[in-house]
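Participant: Pasting a structure below so you can have a look.
Bear in mind that the values in this text are calculations on the coordinates, not laboratory data. On a predicted model such as this, the values are computed, not experimentally measured, just so you know. Note that each Cβ is placed from the backbone with ideal geometry, even for glycine, and that neighbours are counted across all protein chains shown.
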Amino acid sequence: MYRVRLSVDNLACRRSGRRIFSNLSFTLGPGDALAVTGRNGAGKSSLLAILSGRLRPDAGGIAVADVGEASLPECLHAVGHRDGLKSSLTAGENLLFAQRLLGAPRLTPRDALEQLGLVHAHDLPVAYLSAGQRRRVALARLLVCARPLWLLDEPTAALDTASQAVLAGLMEQHRAGGGLVIAATHQSLGLADAAELRIDRAAAAPVADALEDWA
C-alpha cells in the first residue's frame, strides 16, 4: 500500500526565454488522480517533464513525502507522448529491459502484456506492431515495476475504446493501492472522481482556483 504525498508550490516554467506558466500549486495524496488539461502549447507536457526531473522549473518547489529515502524520480513511472520503445526488440524484451533498469519488479513482461490484452505480441518485434499496440506495450511498463506515481502524457493516444477502458481499470487498481496518477490529456480519463488542473497562460491565477472535478 503506497502512502506517497506530492506537493507542488507556485511552480513556474520558462522555455526558450518565454514564460509558459506560473503560480501552479497543488497537493495530492494516496489514491488521488489529476487530469492536466489545456490547449496545445499551454505547458502540460512541460509540467510532467518538471515533475519527472527532466526539466528544471523557473520558480517554485516540489516536495514528496512518505517514500522513505527515495527521491522523486525513483518513485515514478513516466510514459511520454512518444512510446520510447526499441523497434528491433520484441515487446517482451522492451519490458524486460525496463524492469531491469528501473528495479522493484512486479509483474513479468508476459503477465503485464496479458493485462493489456497483448500477450500474443510478447515475442514479436515492436516494429511489426500497430500504433495502438505499441502504445499498450509502453503502458505495460507501468506494471512490470512497482512505483507509486504515474506520469502519463496523452495516455489514451492511439487506443481504441476497449483499450481505454482497460487503461482506466488499471489506473483505478493503482489508486486503490494508494498510487497517484497525473495525466496530461485532451480526453476524459474515465475516472469519475479525478480532479482537473487546467493550464491557461492567459490567466496566471493560482492553480487552487482551477481545480475542479473531472467527470
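Participant: Of the conditions (1) part of a loop (DSSP other than H, G, I, E, B); (2) within 27 Å of Ala12 (Cα to Cα), Lys86 fails just one. Which one is it?
Facilitator: Of (1) part of a loop (DSSP other than H, G, I, E, B); (2) within 27 Å of Ala12 (Cα to Cα), only one is false for Lys86: (2).
Participant: If a residue must be out of contact with any Ser or Thr (no Cβ under 9 Å at 6 or more places or on another chain) and free of Cβ contacts under 8 Å to residues at least 40 places away in the same chain, how many such residues does segment 52-73 contain?
Facilitator: Within segment 52-73, residues that are out of contact with any Ser or Thr (no Cβ under 9 Å at 6 or more places or on another chain) and free of Cβ contacts under 8 Å to residues at least 40 places away in the same chain number 6.
Participant: Residues in segment 85-94 that are out of contact with any Phe, Trp or Tyr (no Cβ under 8 Å at 6 or more places or on another chain) and either surrounded by 14 or more Cβ atoms within 10 Å (Cβ to Cβ) or among the aromatic types (Phe, Trp, Tyr) (or both): how many?
Facilitator: The qualifying residues number 6.
Participant: A further question follows. Can you name the condition, by its number, that Asp123 falls short on among (1) in contact with a Phe, Trp or Tyr (Cβ under 6 Å, 6 or more places away or on another chain); (2) acidic (Asp, Glu); (3) part of a loop (DSSP other than H, G, I, E, B)?
Facilitator: Among (1) in contact with a Phe, Trp or Tyr (Cβ under 6 Å, 6 or more places away or on another chain); (2) acidic (Asp, Glu); (3) part of a loop (DSSP other than H, G, I, E, B), Asp123 violates only (1).
Participant: For segment 54-75, how many residues meet the condition of being crowded, with 17+ Cβ neighbours inside 10 Å and either part of a helix (DSSP H, G or I) or among the charged types (D, E, K, R) (or both)?
Facilitator: Of the residues in segment 54-75, 1 are crowded, with 17+ Cβ neighbours inside 10 Å and either part of a helix (DSSP H, G or I) or among the charged types (D, E, K, R) (or both).
Participant: What are the residues in segment 135-154 that are closer than 18 Å to Gln99 by Cβ, assigned to a helix (DSSP H, G or I) and basic (Lys, Arg), if any?
Facilitator: Of everything in segment 135-154, those that are closer than 18 Å to Gln99 by Cβ, assigned to a helix (DSSP H, G or I) and basic (Lys, Arg) turn out to be Arg136, Arg141.
Participant: Let me ask something else. Here is a check on your reading of the model: is Arg141 within 27 Å of Asp66 (Cα to Cα) and more than 17 Å from the chain's Cα centre (by Cα)?
Facilitator: No, not satisfied.
Participant: Out of the residues in segment 2-53 that are on the phi > 0 side of the Ramachandran plot and assigned to a loop (DSSP other than H, G, I, E, B), which is farthest from the chain's Cα centre (by Cα)?
Facilitator: So, considering only residues that are on the phi > 0 side of the Ramachandran plot and assigned to a loop (DSSP other than H, G, I, E, B), the one farthest from the chain's Cα centre (by Cα) is Gly17.
Participant: Another one. Please go through (1) out of contact with any Asp or Glu (no Cβ under 8 Å at 6 or more places or on another chain); (2) within 20 Å of Leu48 (Cα to Cα); (3) among the aliphatic types (A, V, I, L, M); (4) outside any loop (DSSP other than H, G, I, E, B) for Ala157 and return the number of the only condition it doesn't satisfy.
Facilitator: Here Ala157 meets the rest and fails (4).
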